[in-house]
Amino acid sequence: MRHKKIHKRKTEPDLNYKSVLVSKFINSLMVDGKKSVAQKVFYNACDLIEKKDEDPISAFDRAIQNVGPKQEVKSRRVGGASYQIPVEIRSDRRITLAIRWIIDASKKKSNKEFHTFSEKLAQEILDASRNQGEAIKKRDTVQKMAETNKAFSHFRW
């Protein structure tokens with residue numbers, strides 16, 4: 001090993017729900033270092049979820065668990081050809097991908113249906129917690145890709 005081991009930073013839990021996962025989500029949602037704006041957006045989305053008679057944190061946790069993929073493909077070059085090799089995903093990467101996909105799916109929602117980003121985010125979290133929506137489609141695509149390339153799994157390093 002040539003380099004010093006990198007230590008993971010501990011993320012502080014958020015103020016309202018005392019959850020590290022919520023704090024990571026808010027940090028991913030943040031743009032240009034404006035954390036207070038990201039917090040406002042997330043907490044407004046939680047309020048909207050609560051108005052629909054669901055517990056926002058349990059819906060959020062379910063959404064993250066549902067969207068997180070089990071496998072993904074990585075490119076590996078073997079003898080001049082590149083192969084897509086299916087690889088199991090570590091739990092921290094699974095959470096990171098789930099967060100990223102939920103935020104991206106929220107950003108892609110049309111402005112005709114929803115007026116604010118908080119509404120888009122709340123709807124995407126609810127959809128993901130019910131195994132529906134754009135983020136779930138993304139997960140299914142990645143899983144399907146890993147399934148179709150199972151024949152190359154013997155190239156794993």
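Odds and ends about this structure:
- Test: residue in segment 109-122 that is closer than 24 Å to LYS8 by Cβ and not in a strand (DSSP E or B): no
- Residues located in segment 72-94, provided they are aliphatic (A, V, I, L, M) and either under 19 Å from LYS144 (Cα atoms) or in contact with a helix residue (DSSP H, G or I) (Cβ under 6 Å, 6 or more places away or on another chain) (or both): VAL73, VAL78, ILE85, VAL87, ILE89
Conditions (1) β-branched (Val, Ile, Thr); (2) more than 17 Å from LYS138 (Cα to Cα); (3) touching a strand residue (DSSP E or B) at 6+ places or on another chain (Cβ under 9 Å); (4) modelled with pLDDT of 85 or more, marked per residue:
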| position | (1), (2), (3), (4) |
| --- | --- |
| TYR43 | no, yes, no, yes |
| ILE49 | yes, yes, no, yes |
| ASN66 | no, no, no, yes |
| ASP92 | no, yes, no, yes |
| TRP101 | no, no, no, yes |
| THR116 | yes, yes, no, yes |
| GLU119 | no, yes, no, yes |
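- Filtering segment 115-129 to residues that are surrounded by fewer than 16 Cβ atoms within 10 Å (Cβ to Cβ) and touching a helix residue (DSSP H, G or I) at 6+ places or on another chain (Cβ under 8 Å) leaves only THR116.
A quick yes/no check of all residues on (1) closer than 19 Å to TYR43 by Cα; (2) of a type in the set (Ser, Thr, Tyr); (3) more than 14 Å from the chain's Cα centre (by Cα):
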| residue | (1), (2), (3) |
| --- | --- |
| LYS70 | no, no, no |
| SER75 | no, yes, yes |
| GLN84 | no, no, yes |
| GLU88 | no, no, yes |
| ILE95 | no, no, no |
| THR116 | yes, yes, yes |
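- Checked against (1) of a type in the set (Ser, Thr, Tyr); (2) surrounded by 13 or more Cβ atoms within 10 Å (Cβ to Cβ); (3) at pLDDT 90 or above, TYR83 passes all but a single condition, namely (3).
- Only listed residue being touching a Leu at 6+ places or on another chain (Cβ under 7 Å) and surrounded by 12 or more Cβ atoms within 10 Å (Cβ to Cβ), chosen from ALA98, ALA105, ALA38, ALA63: ALA38
- Restricting segment 135-151 to residues that are modelled with pLDDT of 85 or more, among the charged types (D, E, K, R) and surrounded by fewer than 19 Cβ atoms within 10 Å (Cβ to Cβ), the residue that is farthest from ALA63 (Cα to Cα): GLU147
- Cβ-Cβ contacts under 8 Å between residues 6 or more apart (or on different chains), taken from a first residue in segment 20-36 that is in contact (Cβ under 8 Å) with a residue 24 or more places away in the chain to a second residue that is in a loop (DSSP other than H, G, I, E, B) and buried (at least 18 other Cβ atoms within 10 Å of the Cβ), are listed as VAL22/ASP14.
- Counting the residues of segment 132-157 that are closer than 30 Å to SER36 by Cα and part of a loop (DSSP other than H, G, I, E, B) gives 2.
- Matching entry among LYS107, LYS144, LYS74 (being in contact with a strand residue (DSSP E or B) (Cβ under 6 Å, 6 or more places away or on another chain), free of Cβ contacts under 8 Å to residues at least 24 places away in the same chain and among the basic types (Lys, Arg)): LYS74
- Set LYS4, LYS8: member being in a loop (DSSP other than H, G, I, E, B), touching a helix residue (DSSP H, G or I) at 6+ places or on another chain (Cβ under 9 Å), among the basic types (Lys, Arg) and exposed (fewer than 10 other Cβ atoms within 10 Å of the Cβ): LYS8
The values are calculated or read from the model by the stated rules, or taken from the named source; none is laboratory data. Remember, it's a predicted structure, so these values are computed and weren't measured experimentally. We place every Cβ from the backbone using ideal geometry, glycine too, and count neighbours over all the protein chains shown.
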